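S.K.: One structure, pasted below without further comment.
Derivation of every value follows stated rules applied to the coordinates shown; laboratory data play no part. On a predicted model such as this, the values are computed, not experimentally measured, just so you know. Note: ideal-geometry Cβ built from the backbone for every residue, glycine included; neighbour counts use all protein chains shown.
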Amino acid sequence: MPENIVFSAIKPTNLPTIGNYIGAIKNMVAMQETYNCLYSVADLHCITVNMEPAKLRSNTLDMFSLYVACGIDTEKSILFVQSHVSAHAELTWILNCFTQFGEAKRMTQFKEKSKKNPDNINVGLFDYPVLMAADILLYGASLVPVGKDQKQHVELARTIAERFNNRYTPTFEVPEPVLPTKGAAKIGSLADPTAKMGKTDENASGTVFILDTPDEIMRKFKRAVTDSGHEIISHPDKPGISNLINIYCAFTSKSVADTEKEFEGRDYAYFKEKVGEAVIESLLPIQKRYKEIRADKRLLDELMINGAQKADRIARRTLDKVYRKIGFCRV
Ligand code: TYM
């Protein structure tokens, strides 16, 4: 199996944030130059929470369009919607039988989400990381660009792959998570920088969405929670300013040291405005491309069908191999 395959996905539970952009999408775009990449809109993963059907449908199209607008090139990479390739659900069942209950129960995200949503701790939420493992293992991906919160899930995918390979013969590539540089792996909320900036946070003022208007973006940055003191330096005692520095660096490609030097002697209000400006400037061309793609239903359908066909071909081959190894009767 070739070693240079990359897989990653984003859940269309809501519009993506600059956390998704910095933590995952930027790496996904960059990796296209060197590797064979497959990227997916993980709609199957969305229904572990109650989602309005119309919202799920439109979010899926939004996310697909945004991938392209952010620079995912459908000529170079395979871009598809997860539910268009039924092998994802099929392999999940198989992998369920190679995952220990205790392993799934230890997943931090399962524990956090169960606590947050005690009325709907469904089996799908529990099984979520196994579906993720199926996503990755179907394509023989060795590299998985993700933010820090998904690292544990990719590690579980490794364990499952190794277990299957040891039980039968080497079948799955054992994947590795690829995290962005330290500060970019977990972008904090602007309202509470010690918490992850999430797509579905209750406090929307702490989340900057890729499609927010320039006014909204500036307003959110101006209101960003900062720390005591006045120096613009990255330090564990200054989670607010450190988070803003990480965002600034990600959007300007400057280093932390250069940023600290650039804003020496400046106050927090000035810096917050400059971070807002840098984000707005980078997002404007993405937003413009997004609008064009999202409005072109024919193009979107064509791209989705194309991506699904390419992904399905690879996934079917893997699934067939797995079925044979297990001993399912093939005709
Ligand atoms: P999702 O949709 O929650 O997030 C998509 C990607 O964005 C990263 N991310 C962040 N990175 C830095 N700072 C943040 N505040 C931040 N918020 C999110 C996530 O780590 C992720 O890389 N289960 C996955 C989607 C998925 C997947 C897969 C990923 C489904 N199948 C297979 C990799 C491989 C998820 O919910 O990501």
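S.K.: Quick check: the distance between the Cα centres of the range 288-331 and the range 261-281, to the nearest angstrom?
M.R.: Their Cα centres are 43 Å away from one another.
S.K.: Could you tell me the calculated FRET efficiency between Tyr323 and Ala195, based on Cβ-Cβ distance and R0 = 51 angstrom, to the nearest 0.05?
M.R.: 0.75
S.K.: For the chain, what is the percent of antiparallel DSSP beta bridges, rounded to the nearest 5?
M.R.: 10
S.K.: Shifting gears a bit: Tell me, in nm to one decimal, what length is gained between Ala204 and Thr108 on full extension, where the rule is 0.36 nm per residue of separation less the Cα-Cα distance?
M.R.: 32.2 nm
S.K.: Which lysines, if any, have their Cα less than 17 Å from the Cα of Lys105, not counting same-chain residues under 8 positions apart?
M.R.: Those lysines meeting the cut-off are Lys113, Lys115, Lys116, Lys151.
S.K.: Moving to a separate point now. If I model a spin label at Ser86 and Lys116 as a point 7 Å from the Cα along the Cα→Cβ vector, what separation in nanometres do I get?
M.R.: Spacing of the two 7 Å Cα→Cβ label points: 3.3 nm.
S.K.: Here's another thing I want to ask about it. Picking from Leu190, Asn306, Tyr248, whose Cα lies most toward the positive end of the charge dipole for the range 176-331 (charges on Cβ: Lys, Arg +1; Asp, Glu -1)?
M.R.: So the residue we want is Asn306.
S.K.: With θ taken as phi - 60° and the coefficients 6.51, -1.76 and 1.60, list the Karplus ³J(HN,Hα) couplings across the range 239-249 in order, rounded to whole Hz; mark glycine and proline as x.
M.R.: Those phi angles translate into x, x, 5, 4, 5, 5, 5, 4, 5, 4, 4 Hz.
S.K.: Let me ask something else about it. Residue-wise, which Karplus ³J(HN,Hα) couplings in Hz belong to the range 176-181, taking 6.51 cos²θ - 1.76 cosθ + 1.60, θ = phi - 60°, and x for glycine or proline?
M.R.: Ordered by residue, 3J(HN,Hα) equals 10, x, 10, 9, x, 3 Hz.
S.K.: Stretch Ser255-Leu299 to full length: gain in nm at 0.36 nm per residue minus the Cα-Cα span?
M.R.: Extra length from Ser255 to Leu299 when fully extended: 12.0 nm.
S.K.: Taking amide H positions as placed 1.01 Å from N in the peptide plane, with prolines and chain starts having none, which residues 5 or more places from Ala9, or on another chain, fall under 5 Å of its amide H?
M.R.: Ser40
S.K.: Right, next: Taking H as built 1.01 Å from N, whose amide H comes closer than 5 Å to the amide H of Val178, not counting residues under 5 places away?
M.R.: For Val178, whose amide H was placed from the backbone, the distant partners under 5 Å are Val144, Val146.
S.K.: Now for a separate question. Quick one: longest stretch of the chain between exposed loop GluC sites (Glu not before Pro), exposed meaning at most 13 other C-beta atoms within 10 Å and loop per DSSP?
M.R.: Details: sites that count: Glu3, Glu33, Glu75, Glu202, Glu264.
Counting at most 13 other Cβ atoms within 10 Å as exposed, the longest clean stretch of the chain is 76-201.
S.K.: Quick one: what do you get for the range 204-291 if you divide its Cα Rg by 2.2 N^0.38 Å?
M.R.: 1.07
S.K.: Using a Förster distance of 22 Å, how high is the FRET efficiency between Gln287 and Asp237, based on the Cβ-Cβ distance and rounded to 0.05?
M.R.: 0.05
S.K.: Something else: Just report the Cα centroid separation between the range 57-131 and the range 145-188, whole Å.
M.R.: So the separation of the two Cα centres works out to 14 Å.
S.K.: Something else: Determine which residues of the range 198-213 fall in the zone a paramagnetic label at Asn50 would reach in this model, i.e. backbone nitrogen under 16 Å from the point 7 Å along Cα→Cβ.
M.R.: none
S.K.: Right, something else. Once the mean 1/r over all distinct Cα pairs of the range 278-331 is inverted, what Kirkwood radius in angstroms do you read off? Kindly include the intermediate steps, with their values, before the conclusion.
M.R.: On the way: mean 1/r = 0.0688 Å⁻¹.
Result for the range 278-331 stands at 14.5 Å.
S.K.: Below 8 Å between Cα atoms, with a sequence gap of 6+, how large is the relative contact order for the range 1-93 in percent?
M.R.: Relative contact order comes out at 37 percent.
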